[in-house]
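Take a look at the structure below.
Nothing in this text is a laboratory measurement; each read-out follows from the coordinates by a stated rule. All figures in this text were calculated on a predicted structure; none of them were measured in a lab. Positions of Cβ are backbone-derived with ideal geometry, glycine not excepted, and every protein chain shown enters the neighbour counts.
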Amino acid sequence: MSQQSVPCAVYRGGTSRGIFFHEKDLPRDKKKRENIFLAGIDAYNPSQINGLGSGTSHTSKVIVISEPSVKEAVLDYTFYQIGIGEAVVDAEGTCGNLMAAVGAFAVDEGLVNLDILDKETTVFVFNKNIQKMIKLNVPVINGKAQVSGDYHMPGTIIPGAKFEVDILSPGGGITGKSLPLGSTTKLEVSEESFDASFADIVNPFVFTAAESFCLKGSEPNSKLSQDAELMSKLESIRLKASVLSGMAETEKEAMQIPSIPKIAILSKPHDYTTSKGELIKAEDVDIVAKMVSMGKFHRTFAGSGLYNLAASALLPGTIANSYTSKRLVGQSGTFRIGHPEGVAVVRVALTKNGMDIESVGLDRTARLILKGLLYIPEL
């Protein structure tokens, strides 16, 4: 069997990693294009040993860069979540962490006009998955995206240069509304009733209370992921919310879209220990949260989920709002989310009436890991 080669780059953005392609380097045929994604990551083996994935949802990702369709943007891009142990190419949601890497890619690939002395540049990009404009402040050195710096981001050990990511008018990208089911809804699962909030902000998420499952909300991920009854209930809640929101017509159809909506459990601020052994005090967070991604509890918390949760928590009547005492003074401020590896601080700006979201922002680090040819077996 011979192989074909495709130019690509691999970037880390936040706590995610993905393969980046220029659309012009990919075949137009959808099946051939998806074969490159599946083989490049290796969706077929759970370990992803035969590709550039690592057997985790946050490293099983692809970004395709294309010509801009919006006047203010320097590029369009599409995100794909690739299956782990199954041939799935899912473009229904987006990745909040890799947004920073899209900014780095734009600078590194010469898609942004720069002066050699520039230390920072503002880049606007358009995400086709959620049909939203993203504003990126990218640190620059010698005409390329800067890597080294002193910003320490939870989920990585070595600090780096700070990338500021802001998503403009982030609500309703999939369903048309930030809260398509209202502030809170009741979902029936196995003769039990669960209060939940479905928020379509950046990526659709279902939020429910940890205490509904007799959990504190900061138990080890490994313990939670091995609880078959818990995982089954959370998946059932996710599927029902998907159907009620109109994202899928049936639960069977919803099962074919594993990447969205995602689901998270919430608890009020309390002392807990991170997976790295660091003590987080209750007064240092505004809420504590854990999320499920692709059938497992996430090592940290997806960037898109951080945006969503912070915004949801500041909208009246939501589950998240009931689990925090944080309220904004004015239209904008920050919100602190305690997750398994630390604390994330999210910028939030509300509309004038305080009932919707004007923008959400997060600081990340990013870097180019490799650039070269990806070899794909010809089928």
So what is log10(I(q)/I(0)) for the stretch 54-213 at q = 0.09, 0.17, 0.18 1/Å, when the Debye sum runs over its Cα atoms only? -0.39, -1.11, -1.18
Assuming R0 = 41 Å, what is the FRET efficiency of K24 and E358, from their Cβ-Cβ distance, to the nearest 0.05? 0.75
Hey, if you put +1 on the Cβ of every Lys and Arg and -1 on every Asp and Glu Cβ in the chain, which of A9, S183, S304 ends up farthest toward the positive end of that dipole? A9
For a test of the definition: using alpha carbon positions, the gyration tensor, and the 1.5 limit on a/c, classify the stretch 185-355 as rounded, prolate or oblate. oblate
What is the distance, in nm, between label points placed 7 Å from the Cα along the Cα-to-Cβ direction at K119 and at N45? 4.7
GNM, the chain, Cα, under 10 Å: largest mean-square fluctuation among A366, A289, A254? A254
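Would you mind getting me the FRET efficiency between M255 and I141? Use the beta-carbon distance for r and R0 = 51 Å, nearest 0.05.
That pair, M255 with I141, gives E of 0.65.
How far, in nm, would the chain grow between E67 and Q131 when pulled straight, counting 0.36 nm per residue and subtracting the alpha carbon separation?
21.6 nm
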Counting only Cα, what are the radius of gyration and maximum Cα-Cα distance Dmax of the stretch 164-243, in Å? 14.3, 45
Reachable lysines from K177, criterion Cα separation under 25 angstrom, eight or more residues apart if same chain: K71, K128, K132, K135, K186, K240, K252, K262, K290, K326, K352
With each pseudo-label sitting 7 Å past Cα toward Cβ, what's the K31-D227 distance in nm, one decimal? 4.4
Using only alpha carbon pairs under 8 Å that are at least six residues apart, calculate the relative contact order of the stretch 217-339 and give it in whole percent. 24
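Can you figure out the FRET efficiency of S2 with T78, using R₀ = 22 Å and their beta-carbon distance, to the nearest 0.05?
The value I calculate is 0.20.
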Over 27 Å [Cα-Cα, the chain], rounded percent: 46
Shape category assigned to the stretch 131-188 from the gyration tensor of Cα positions, a/c cut at 1.5: oblate
Determine, for S2, S275, S245, S57, the number of other Cβ atoms within 10 Å of each Cβ, and report the residues in order from fewest to most. S2, S275, S245, S57
If contacts are Cα pairs under 8 angstrom and at least 6 residues apart, what is the relative contact order of the chain in percent? 19
Using alpha carbons only, what's the Rg to Rh ratio of the stretch 196-259 with Rh from Kirkwood? 0.99
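So for V348, V138, V89, fewest C-beta neighbours within 10 Å to most, what's the order?
V89, V348, V138
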May I ask for the distance between the Cα centers of the stretch 158-180 and the stretch 193-230, given as a whole number of Å? 21
Using the Karplus curve 6.51 cos²θ - 1.76 cosθ + 1.60 with θ = phi - 60°, what ³J(HN,Hα) values do you get for each residue of the stretch 325-337, in whole Hz, with x for Gly and Pro? 9, 5, 9, 6, 9, x, 8, 9, x, 10, 9, 9, 10
